[in-house]
Structures are given as C-alpha cells and as structure tokens.
Number of protein chains: 4
Amino acid sequence: MPIDDHKRAEIEAQRAAAHETRRVTVPAMEAILYERFDVLDHGFVRVIDYMGDDAAIVQAARVSYGAGTRKVREDRALIRYLLRHRHTTPFEMCELKLHIKAPIFVARQWLRHRTASVNEYSARYSRLDREFYVPDPAHLQSVREEQIARQRASSSGMDDLFGWREAAETREELAAQSGTNKQGRDDSLTDEEARQALSRLDWVSTRAYGVYENLLNEDESGEKKDPDRAGLARELARAALPVNYYTQFYWKIDLHNLLHFLSLRADAHAQYEIRAYADVILDRIVAQWVPATHQAFRDYAMDAASLSTGALDVVRRMLAGEAVDQAKSGLSKREWRELMAVLGREP
Amino acid sequence: MPIDDHKRAEIEAQRAAAHETRRVTVPAMEAILYERFDVLDHGFVRVIDYMGDDAAIVQAARVSYGAGTRKVREDRALIRYLLRHRHTTPFEMCELKLHIKAPIFVARQWLRHRTASVNEYSARYSRLDREFYVPDPAHLQSVREEQIARQRASSSGMDDLFGWREAAETREELAAQSGTNKQGRDDSLTDEEARQALSRLDWVSTRAYGVYENLLNEDESGEKKDPDRAGLARELARAALPVNYYTQFYWKIDLHNLLHFLSLRADAHAQYEIRAYADVILDRIVAQWVPATHQAFRDYAMDAASLSTGALDVVRRMLAGEAVDQAKSGLSKREWRELMAVLGREP
Amino acid sequence: MPIDDHKRAEIEAQRAAAHETRRVTVPAMEAILYERFDVLDHGFVRVIDYMGDDAAIVQAARVSYGAGTRKVREDRALIRYLLRHRHTTPFEMCELKLHIKAPIFVARQWLRHRTASVNEYSARYSRLDREFYVPDPAHLQSVREEQIARQRASSSGMDDLFGWREAAETREELAAQSGTNKQGRDDSLTDEEARQALSRLDWVSTRAYGVYENLLNEDESGEKKDPDRAGLARELARAALPVNYYTQFYWKIDLHNLLHFLSLRADAHAQYEIRAYADVILDRIVAQWVPATHQAFRDYAMDAASLSTGALDVVRRMLAGEAVDQAKSGLSKREWRELMAVLGREP
Amino acid sequence: MPIDDHKRAEIEAQRAAAHETRRVTVPAMEAILYERFDVLDHGFVRVIDYMGDDAAIVQAARVSYGAGTRKVREDRALIRYLLRHRHTTPFEMCELKLHIKAPIFVARQWLRHRTASVNEYSARYSRLDREFYVPDPAHLQSVREEQIARQRASSSGMDDLFGWREAAETREELAAQSGTNKQGRDDSLTDEEARQALSRLDWVSTRAYGVYENLLNEDESGEKKDPDRAGLARELARAALPVNYYTQFYWKIDLHNLLHFLSLRADAHAQYEIRAYADVILDRIVAQWVPATHQAFRDYAMDAASLSTGALDVVRRMLAGEAVDQAKSGLSKREWRELMAVLGREP
C-alpha cells in the first residue's frame, strides 16, 4: 500500500493521458487530478474523477436545455440564494470521486456517513502494510495551544470550556461518567510525557504487526515463511492490528452530501485527525472545483451561526438598548456563553 | 418546453464545444452526449453527463492507484463475477446524468425510486406547456399482440395469463376487488373503440389546458391576457391539469441503482410507457457506456431467472428422470406455470 | 376511498383492541392512534403505528442497557443539546407510520422526500374515487391576508416582498421568466373572481371523471357498464384525471427525517396545501409523541434563524453602537431585509 | 460494558414493565424483548423494539383502513407473492431495533450497510472495556470441517473450491496477488498451531490494553492513576486497541433492508464471525417476529438460486435429453461447477 515506484508510475501514466470531451470540464480540477495531497503521517487524498461545476448546479436548478447564456455573476447570485434557502437538490447534481488513505479509526468516523459510495481495501482478502498512525508531537502541541485559546475565550478560568471540550463534557453525561473529566487532548501534557506516550503507541503497533505476520506465516509475495506450519486466514490474523493502522478506500459522493460531511468534519468539534482530511477536501479541492459554491458554503453554513428563538430574543433586546445578562436572558449558562462567543463579546 | 429553435441552438452549442480532460472518457458516450432520444409522443431522454466506464468499476473494486495494466478480457471476467455474486458497490462508482421529459404519471412511477438525485421543472413557479400524452393506436395494438402471445404461452385458454396480467390480478387481490378483472389493456378493443377512447382523452386534456390558461390569465410571456381581472397563482391553476401532461427533470443516478431501476422498469411487468424510457436507457445508452456491464446485466439479471427451493427440487427430480406434474410438484399452480415458462416447456 | 361505514367499522375495531406490551408506550399517542385528522376538503392524516419516545432518543444516545434512572429534566436537557448541536442519529431511533390522503400534486411534493418508506394506492391496478381538491375560498382569503401582512412587513411598497413571494420571484429567475410576476395567490382576486375560478376547476375535474369512467367502462364493483364494448385499462384511463384528485399512501419515516421534512413543509415558504398537512403532523402528532423534542425543534430549528458571516458582522457592529444601513452593511438588499425581519426591526 | 449486576437489573426492570397498547403486537417478540442472545465470546444481540408484523405488510400493500378481515392463509399467500416478485416496499413497513455488541472488525463489516440507523458507543468520549474477541478453537475446527465438506462437494480434489473459498480467490485477483493463495481458514492447521495462534492473539490484545490504560492514566471511575502526569485523551489512547476489541451499537432497520443484510451476511460466503450474528437474527428473531415472511425469504431468497441465461439454456437442453458437459455448455468452469452444485449433480 505505500506509494512505491510502481504506483507512482501508474499515477503518472493516468496524469499524462489527455482525452477530448464535450462534458463540463474544470481546468483547475484537471490540474490536480490523480495527485496526492498528503494528510497525517502516511495518509492522502486523491481526486479520481469529478462531474459538474458551479454552472451545472444552476443548469439543473433551471432544468435547462443547454449551458445557457447567463453571466457568471448571475450564476453566483443564484448559487448563494439556493444555499441560503436550503434548496439542496441542485447541489446533488455534482459528483466527486476520491481515493483516501486514512487510519482505521478515522475511516470508522468517515464511513458513518451513509450517503456516499465506498469501496474499501479488504483486510479479509488482502494483506495490510506495516503502516500505522502516530500523532506528530507538533500536532499535539498545536492542539494544546488551540485549547488554551479556547479556554481564554471562555467566560472564566473554570474548566468548563467553550468549544469541543464542552461537547465532550456533554457526551460524558451520555456515558454517565462521573469524576474528573479528562476529555480532549490534555493541555498539561509535557513534551517528555508526549514523547513517552507516542513511543508506547509505536511499540504496541509494531508488536501487533509482528503477531500479524506470525499468524499469517507468509511473506509479501504470499509465500509461506515457515513451510512446516499453516498460517491463519487473513480475515482472522488482522484481528491483531490496532485501529491506527492505515486502510484505503474509494469514496464517491455528491456535492450536497459532501458539504454536509464537511460541515460536521471540518468543524472545530471534529476530532483533529478527520479534520485534517476535511480541511484538505474543503479548501484545496472543493475551492478549486466549485469556487462560487465554496464561498457561499463558507458564508452561509461553515462560518455562519444559528440563533435559537431565545438567542434571537436576547439580540433584539440588546439592540433595543437593554443591558441583558445571563440571569435575565432566559438562556442556560452554556447557551449564553455560546451566544456571546458568536456575537464576539466577552461576557 | 417543446424543443424550439432556441433550445436546439443551445444544445448544438454544447455539442460543438470540445474540452481536454484527463478523466476517464468513453468515445461512444461522447458521440451521443446532449442528443435527444425520442420517447412516446413528446418525450425524450438526453445524456447530460457521465462519470466512469467499465474499467472504473474494476479499478474501484481493486482500490487501485492507476488505471492498471489489466487486459480488457480480465476486466470483463471480473465484472461478470461481481455482478453474478452481488458485489454491487463497485458499480456505484459510475454515475449518469440524464434530462428526461415524460408524462406526469410516468414521472410519478419514476421518482418512486429514491436512490437518485432529481431536479424537476416546477409547475408551482413555471408555466406548463400545452403538451400531453395520448397513446399511439399502434402501441395499443402492439400491446394487444404482446398479450395474445403471452396468453398462448400460458398453460391454457383460461384468462389467467402468465406475465404482467398475472401481477395485475394479484394486485387486484390487494385492492380487494371483486367481479370481472379488466386489468391491463384489454385485448378485445376494436380500432373504432380505440379511436374513440383516444379522442375523449385528447378532448378532456385540451379542455383542461383551456381552464388552466383561463385561471392563470396570462400569456406565454407572463403578461395578463384580461387586464381587468386577477389570475390564479400557478401553483393552484396547475391543479386542473391531468397526469398525462408532460413534465421534465434532471435525473442523476449511479450505475448500480440504475441497473436496479432498469431491472424493474424495463421488465415486461412494467407499464408500457415507463418501459419505453427504460428500454432506451438500457439498450441505447447503458450499452454504449459500459458494454461489459450491460452484457453481464442481461445475462445474470435481466434475462436470468430465480428458482425457489421448491422449483429447484422439481428441476432436480425432472433431471433424475421423474415425470413431475403440478399436482406432484409441491408448487402452486401459478408457480408451476412460471417455472414451466422459465424452462421453456409447454405444461 | 371515501371513509364509508365499512371503513369506519374497520378503524373502530382497531381502536377497540388492547394488547399488552413491554415496549416503550406513549399514552398520548395511544389516544390518537388510528384516528382521522381532517386536512383540506377530503384529505386526512392517521397515525398507524409509532416506535420510541423522548426517552428512547436519550437511551440510544447513551447506548444504554435499560431505560435508565435519569430524570425527565436531564433527558430534556440532553435532547436540547443534541438538537442544537446537530447530533441527529439518536432522533433516527424513533419511527412513525402514517396513513395519508392528499391530492396528487401534494403527494408529488411529499414523495420527493426520499428518506421515507411509501406504499401508495395504485391507480394502475385500482379504480380512483370521484374525489378531487377544490380550495376553500376562505383559504384563498386567508392566504391573501397573509400576503398583505408580509407586504407590510417588507421594506417598502415595492413589489419585491419578503417571504415566500421572494422565493417565488427567484424561482422565476430560474425559469427565465420576464414580465410581471404573478406568483403566489394574487392578493387582488375578488370574491367573484375566486368563485368563478373554483367553479371552473370543479367543472373540469368533474368532466375528467366522466371521461375516466367512460374509458374504464366499468361500475364501482368492476362490472362492465356497456356490455358491448371493451374498456380501457385502468393504467391508461387514469391519464385523464387532473392532479387535484386524491390519492392515498402509507408513509413511514424516522423522527430525524420527519423533522427535516417538517422544517421545509411546515415553513411559510411551502405551498399552503402541503403546509396544512405538515402543521397537523407537527403540532397535533409530534407534539403528543415526543414533547421535549417538539419544543427543542421549535426553539432551535423551526423558529430559529441562521446568520451568515456577513449578517453576524452587521449584528456585531450594531451592538457596538454603529448605525449600520444596507449600503454600509455589505449585504445585498434582499439579505438586508431578511436580517432586519429576523431582528424584528423596521428598516 | 460487560453485563454486570447493575445492567442486569436495568434489563430486568424493562422486562418486568407491562403497558397497554392499541398497536400491532407480536406475543412471541414480547417474550424475547430486551433479552440477551449470546454470540461469540463476549458479544450479544438484544431486541429493543419492533414495529409491525406479517399482517402489517399486507395492510400496507393494500393501503387499507383497518387490520382487515383476511385470513392468515391469504396473508401468507400475498407475502409469498410480494417477496417472489420483488414488491419490496411493503416489507419496509416493519421496523426492528437491536442492541448489538460485536468486535470492531465485525462492526466495520456491519456498518457498511447504509440503510440502517446507528448509534455506536463512542471510544472518543468513553472508556472501552477490557473485552476482546479470541476465536474458539472449536469454531476453527468446525470451519475447517465445513471447508473440507465443500471441497468434497466440489468437482475434484483440486484446491479450487466451490463456495466462499472461490469468492476469496476471485477477490485475490482483485488484489492482484500472485503465489499460493492462503485465503480462508487454512484446513491444515493443527490443534497445537491453533492454540499457539490464539495465544499470540490473546497476548497482543492484552498488551494493547495495558498501553491503552497507561496512555489514559485513569482508573475505571475516571480518576487519575498516577497523579503526577497527564493522560492522553481517550480519542487518541484508543488508537492502540486492536480491531478484535468489542464495541456496541443500537441498530434500527426496516424489514426489507434487514432481509437484504441477512441475505449477504447469513450467507455461507460471509465471514464466520458476522454470520454468527446474522444467524441469530434470522432464525431466532425474524422467525419469531414475522414467521410467514421468514419462510418466504428462506424459500425465495436465502435458499433459492439465480440461473443466468446460459445456465437456463443448459437446464433446458438437459431436460430435452441432451448430455451436456462443461465443454459444450457455453459456461465457464466456475459457472458450470456452480450450476452442477445448484442442481445437486456431481459433475
């Protein structure tokens, strides 16, 4: 599975080919087709194919006969209108096919989204490579800094943070946990502690592969290593491998459902590892493919905020000059903090 | 909505444009792109876009890095294997976008399939054209002949036919109907009766459009016809139009779900009108797009037969030399007839 | 299809039966089970079955073993949290099965939602009843008043209204229409014009049924009316019937997808006729079934507002004391009006 | 996560409660509600809720007002007809909610099915228990015996087996593997080799949990173990755990999609571990819930066979007295063997 010379040659062969087509074509997507965007330590995202562009969304919304003679500015306005008012079906008319390589625990979150088509590399029938994810200490550090920034943005020095930490706590309630919550990546981890933790993770991952190979009793070409004993089936031997091992899949999804995926997985509440993939897809692929939709999605969904009836009431009262505080707001403490953050006000 | 000169020019403009792409391209599909396949009296199917080809199915099944160096013969064998053993996910990796024009009652059956993306022309916001479906008397005749042929193929002269008629009767049971079943297109319709029936259908459809226009009180450019009175909203005025009026939609679906649609709608049990569309899609579009898949689908799905445990038992006994008849078969009369038809034996 | 004495007896028989169950049960739903909620002139909604309640959502979110010992107050808080933060999967754990009777054009909008299970009465195999929808003049009047209210709420006397009219206009742009827009139910319709329009609609609907019966050549029990001629198949004869004829279907959907349906169809932008059904489902059924979810849905979705990055910027500036107007807002005129309406401010 | 006394009490409390309902109720399902069916070494399946029964399928197919007065025999005949002719929508009208506990690699195969609703226990927010799957040596033995039986049933002593092994080989082709195929559970594994393999799997799984706990640095109540250092976040620590660790999920699915799932996962080609779950669901739950559907599914789907156009041609020729062999059949060797097996003939 690592990208060796043979695979590199296959990719290059595809990139070199040029065909003539009457279909809608996006030059910026052609430029990145089949290329590998690196993510995490061994992962990647590759665009395998795409269908449609910004104009195809408009064309479908109009159920029109041709590409039309509308101006780009008009198309852009209509796309913004459609996205703002949740007319989602025209966005389903564009399609993207990706080749993903990601740790199993990331793939598990990813494939929970049910509106895509998937073909995954089969560890039942094929041998997995010795490639597993170990977080970069620098990432741990940046996550720590993010947390501290969030903590400062929150209402006080208390350990009840705004942001993903908060989500975690509520999830904690789900799990009926008591005691001190140690969710998220603890911000008090020292460099030495981080180094030791990652070293242990590396150790157990490596040992697991040793067991895997021993159970399989075969080398990379599928030949028996020890000719005097039987190996275990691949479907059973893989049971030994941890969820940080890499898997691969082809993933095909329409633009509407892709945006929904990104709104959840490129969000600050998503786990860092899947967010790393979502960020690449959103800002390096979608932005090239359908720039008008990308901008509208940023403005009306990704970076927008939803205000409840209670929050709207507070904003109206504030605009009318009333000095509203949490006690008088009718909102819970958490909702109040969320609203103040959205409004960019220190409580 | 009729294809006028303006629309023809738009279509031609799209057909004339040529772009360069690195994507998988199917020359036979390029040749028919945007063209209109006529169906029924005013309907059509047009290919707007496609993604993938036979080789893309194999590539996804292998989760491979490039197009691979496999031979066409090997790809074909794998496609047949995948289809035979219901490994359906690789077929989801191809996508087709069509522009359809069909009577409302056909669109109603069509859009019952929930795995496609749809943008339909809105009679709420837009004016419908004066185009409605009236069956061709020749079609009525050919349907009659089909029925008679089926009747002959059935076990006897009784009115309990094999095929769609049979389905209809059971559906009758659903509807708890009693009395003589007059399902399907009656084979005793004379030419004169057919002419009169179609004439009545034409009359009421035309009158309905008159009411529609009167309620709208606007001409084709949206201007008031009678300036002294208000028109009804389009969303209400359309309530007067019968279900044989034409509608249009963009329809995007993956190959696996398309094949499922075709297995039901290109089937002899499907209503003639939707079958007319399904036949065009199956034999004039899918056959061009993914020829290996098309052939495998014909062999293993469309023209294949499923044998129940009871039917398999009968076949085994017959092959062992036993003279099995319905009474000794353990099958119901209907299942027995179905089996005899599948085995090409006159009971 | 009309609810005659026989059907009434069937419904009463089901209502009279009482079974013992260990399943989650909602007494308020038991009280309305199988009952008919009237909608429009001949339509209805009936609850046929339900699965789960508010507590079942919490139980699934916790993946817990039993019903748990949590207090109602805690469950309510968690439901609000889940809905606010788009943790939608637990809401899929509740299911509702309805029996709907609605005009065909309403069913067409309804069944565009693809995440439900549907069994519709078949006009291909069964005879349709002489029941069609004609709007109540009072409804026309109330719609007119609604429109006028919206018009007053809008920024000026110009014909560019806030609300559904606005959506219509943009849809107009989709349809590339020019000239005066006569979308929505025109507010200048006089009583006499309304009476005449409805009378014409009634006339053409009645005539269509006459043609339908003539084509069928059968009475209600399925017997030939004119024994000397053949009738047309039901699947063809129904082509004569307008889209205001009533159809029926069983409709089964999970709570998450039901709320999504209601957020679109109980919205002021939805057509009046489907909104009439959505309102009944939301406030007379969902409110009884899962009261905590119903309230949260009202607060965080139905009656909430989404603020774009641009709109948030405006609110922040206004709260900081700046006198922002449309010109300085960076918003389009339409977005500005929408924001002012959300903030309850006359522009 | 293990079922301790507290959980047992919660389950018993639910089982003890009895409510009155007007809904369709299946006494045989009430009897097993909430109970635990053991699967594998630590797994289980529990029925949490159900909606509908055999009669509800018929009621939906008829779009009827009440439960109807049809006889059980008639309902049974209709269910068989619907299933035989792929009228699948009425089967969507029944719904089942299960609580599953299964190894992660089984859950990964399970959740590839996209038509169900899922809530999974979150290893991101919650601590996983020390429970992992190690195959029972007896299972390994029974799998071996199954294989040998299949080998004998196949055309010759060659290693090209009929059945799942064959599928595996073709999958091998997918993975472009060469050399000796070591798919499936090798039949030459000695008892001592099996013991050693399972011991290694146990060892690495246990060590992985040790690393997990060390990384977390917290005890079961969430308290720090070593107060002088920070623990890793749960979402990261879980990266160390192998895919044989147990997870849990609530899983809700309609009957049609459940049958589709079972047709693939209770099939002999499915991996033993997921088949163990599918068998329990099919024969201990579905058989109790909808017995007529269960029998029809066995007869027309699970134990039926699909004959391609080529296979049908062979059968017809054989019935006509021709002595057909593979060379004259027009079928590939593999298809010929498959057909002979279906017909119960030694080639």
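The values are calculated or read from the model by the stated rules, or taken from the named source; none is laboratory data. Please read these numbers as outputs of a predicted model, since none were measured by experiment. All Cβ positions, even for glycine, are placed from backbone atoms using ideal geometry, and neighbour counts span all protein chains on display.
A few comments on the model shown:
Condition check ((1) at pLDDT 95 or above; (2) among the aliphatic types (A, V, I, L, M); (3) not in a helix (DSSP H, G or I)) across all residues:
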position: A:Y277; (1), (2), (3): yes, no, no
position: A:L282; (1), (2), (3): yes, yes, no
position: A:A292; (1), (2), (3): yes, yes, no
position: A:G310; (1), (2), (3): yes, no, no
position: A:R317; (1), (2), (3): yes, no, no
position: A:G344; (1), (2), (3): no, no, yes
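- Taking first residues from segment B:11-26 that are more than 7 Å from chain A (Cβ to nearest Cβ) and partners that are among the polar types (S, T, N, Q), the Cβ contacts under 9 Å between residues at least 6 apart in sequence or on separate chains come to B:V26/B:Q288.
- Among the residues of segment D:319-328, the one identified as within 21 Å of B:L339 (Cβ to Cβ) and either part of a helix (DSSP H, G or I) or in contact with a Cys (Cβ under 9 Å, 6 or more places away or on another chain) (or both) is D:L319.
- Among (1) touching a residue at least 24 places away in the same chain (Cβ under 8 Å); (2) at the interface with another protein chain (Cβ under 8 Å from one of its Cβ atoms); (3) not charged (D, E, K, R) - the single one D:I281 does not satisfy: (2)
- Set A:R15, A:R73: member being under 30 Å from A:Y246 (Cβ atoms) and of a type in the set (K, R): A:R15
- Candidates B:R86, B:R108, B:R73, filtered to the one that is away from chain A (no Cβ under 11 Å), touching a residue at least 24 places away in the same chain (Cβ under 8 Å), out of contact with any strand residue (DSSP E or B) (no Cβ under 7 Å at 6 or more places or on another chain) and surrounded by fewer than 24 Cβ atoms within 10 Å (Cβ to Cβ): B:R108
- C:D228 more than 14 Å from chain B (Cβ to nearest Cβ) and surrounded by fewer than 22 Cβ atoms within 10 Å (Cβ to Cβ): no
- Scanning segment C:333-342 for residues that are surrounded by fewer than 20 Cβ atoms within 10 Å (Cβ to Cβ) and over 22 Å from C:A266 (Cβ atoms) yields C:K333, C:R334.
- For segment B:193-223, filtered to residues that are farther than 15 Å from B:R130 by Cα and among the basic types (K, R), the residue that is modelled with the lowest pLDDT is B:R195.
- Of the residues C:A194, C:A239, the single one that is of a type in the set (G, A, S), part of a helix (DSSP H, G or I) and closer than 20 Å to B:P103 by Cβ is C:A239.
- Residue that is surrounded by the most Cβ atoms within 10 Å (Cβ to Cβ) [pool: residues in segment C:46-69 that are touching a Ser or Thr at 6+ places or on another chain (Cβ under 9 Å) and more than 9 Å from chain D (Cβ to nearest Cβ)]: C:I57
- Being free of Cβ contacts under 8 Å to residues at least 24 places away in the same chain and under 18 Å from B:L82 (Cα atoms) is not true of D:L339.
- Just one of the listed residues (B:N257, B:N214) is of a type in the set (S, T, N, Q), over 30 Å from B:A55 (Cα atoms) and assigned to a helix (DSSP H, G or I), and it is B:N214.
- Residue in segment D:237-246 that is modelled with pLDDT of 90 or more, crowded, with 23+ Cβ neighbours inside 10 Å and touching a His at 6+ places or on another chain (Cβ under 9 Å) present: yes
- Test: D:R234 is at pLDDT below 95, facing chain A (nearest Cβ under 7 Å) and more than 28 Å from the chain's Cα centre (by Cα): yes
- Test: B:L216 is crowded, with 21+ Cβ neighbours inside 10 Å, within 7 Å of another protein chain (Cβ to nearest Cβ) and farther than 30 Å from C:R114 by Cβ: no
Matching residues to (1) more than 20 Å from A:H99 (Cα to Cα); (2) part of a strand (DSSP E or B):
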{"position": "B:R46", "(1), (2)": "yes, yes"}
{"position": "B:D49", "(1), (2)": "yes, yes"}
{"position": "B:Q59", "(1), (2)": "no, no"}
{"position": "B:V63", "(1), (2)": "no, no"}
{"position": "B:R73", "(1), (2)": "yes, no"}
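- Of all residues in segment A:89-105 being within 12 Å of chain B (Cβ to nearest Cβ) and part of a helix (DSSP H, G or I), the one that is farthest from A:R23 (Cα to Cα): A:T89
- Extreme residue, surrounded by the most Cβ atoms within 10 Å (Cβ to Cβ), among residues of segment D:296-332 that are in contact (Cβ under 8 Å) with a residue 40 or more places away in the chain and closer than 21 Å to B:R84 by Cα: D:F297
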